Amino acid sequence: MQLGGSRSWRIAIDEWNESLLLPLWIRAAERINVPPGGIVPGPLDFDLLPAASVHDRSTLVEGWHTWWHAVAGAADSAPLESYGPPDFAGLAGSPALAAITRARWEEAHRWHRRRKRHGIAELRPSETNLEVVASVEREIGHPAAPFEVEFVILPVLDDEIRRVRDLRFLVPERVYTSARWPQWLHGLVRSVA
C-alpha cells in the first residue's frame with residue numbers, strides 16, 4: 001500500500017493457490033500418510049474423497065514432503081513452474097509420485113475450479129483486515145510502520161496458522177472466516193506496526 005508517495009503496509013491474501021492445492025489434493029486422494037506438523041497443514045477439507053489409484057503409498061511420502069516444502073516456501077514462481085503441469089519436472093526424484101500426479105492433475109484441477117466457483121463469494125476480501133490495521137493504528141497513536149504480510153488461505157481441516165517464512169502464513173479457511181481471525185491478526189499487526 002502506498003500513501004502519499006511513501007511506503008506503507010501491505011496485506012496480501014492468496015485464496016486460490018492451485019500450486020498448493022494440487023499437492024494437498026494428491027495427498028488426500030491417494031491417502032498419503034503425511035500428518036500435520038511444521039508447515040504441513042491438516043488434511044484437505046473434502047466432502048467425498050475420490051478413489052486412490054495406488055496401494056503402496058509408503059514410497060510417496062518423501063517425494064510429497066519435498067514437493068510441499070518447495071511450493072509452500074516458494075518466494076518466486078520458478079519452483080512453482082517446475083512442479084506444474086503437464087510435466088511436473090520438480091517431482092523427477094519421486095517417479096511414482098510424478099506418474100500419479102501427471103495422471104490425476106486434471107481431476108484435481110476440475111475439483112479446484114468447482115470449489116473456486118462455489119466458494120469465491122464466501123472468501124471475498126473483507127474489510128476485516130483493514131479494520132484490524134486501523135484499530136492497531138488507533139491504539140499506537142500513529143500509522144503502522146511499513147510491513148508486508150502474506151496469507152495463503154487453504155481449505156484444510158486444521159485450526160493452526162502456520163508460518164512458512166518471514167511474514168508468509170498458511171491459514172486454514174475455517175480460521176480465516178472465524179471470529180478468531182481478527183484477534184490473531186491484531187496480535188500480528190501489533191507486533192510489526
More than 21 Å from residue 117 (Cα to Cα) and among the acidic types (Asp, Glu): which single residue out of 76, 47, 14 fits that description? 76
Looking only at the range 17-31, filter to residues that are open to solvent by less than 10 Å² (accessible area, probe 1.4 Å) and over 14 Å from the mean Cα position of the chain (by Cα); which one of those is nearest to residue 66 (Cα to Cα)? 26
Take the range 70-84 and flag every residue that is of a type in the set (A, V, I, L, M) and either open to solvent by less than 40 Å² (accessible area, probe 1.4 Å) or outside any helix (DSSP H, G or I) (or both). 70, 71, 72, 74, 75
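Residue-by-condition table, conditions (1) in contact with a Leu (Cβ under 6 Å, 6 or more places away or on another chain); (2) part of a helix (DSSP H, G or I); (3) in contact (Cβ under 8 Å) with a residue 40 or more places away in the chain; (4) not acidic (Asp, Glu):
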site	(1), (2), (3), (4)
23	no, yes, yes, yes
31	no, no, no, yes
51	no, no, no, yes
63	yes, yes, no, yes
Exactly one of 182, 143 is under 19 Å from the mean Cα position of the chain (by Cα) and surrounded by 12 or more Cβ atoms within 10 Å (Cβ to Cβ), and that one is 182
Can you spot a residue in the range 105-122 that is aliphatic (A, V, I, L, M), surrounded by 15 or more Cβ atoms within 10 Å (Cβ to Cβ) and in contact with a strand residue (DSSP E or B) (Cβ under 6 Å, 6 or more places away or on another chain)? no
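The values are calculated or read from the model by the stated rules, or taken from the named source; none is laboratory data. Treat the numbers as computed from the prediction; the structure is a model and nothing was measured. Neighbour counts run over all protein chains shown; Cβ positions are idealised from the backbone, glycine included. The protein model used for the area step is the full one, side chains on, heavy atoms only, and it has no ligands, DNA or RNA in it. Shrake-Rupley method; radii C 1.70, N 1.55, O 1.52, S 1.80 Å.
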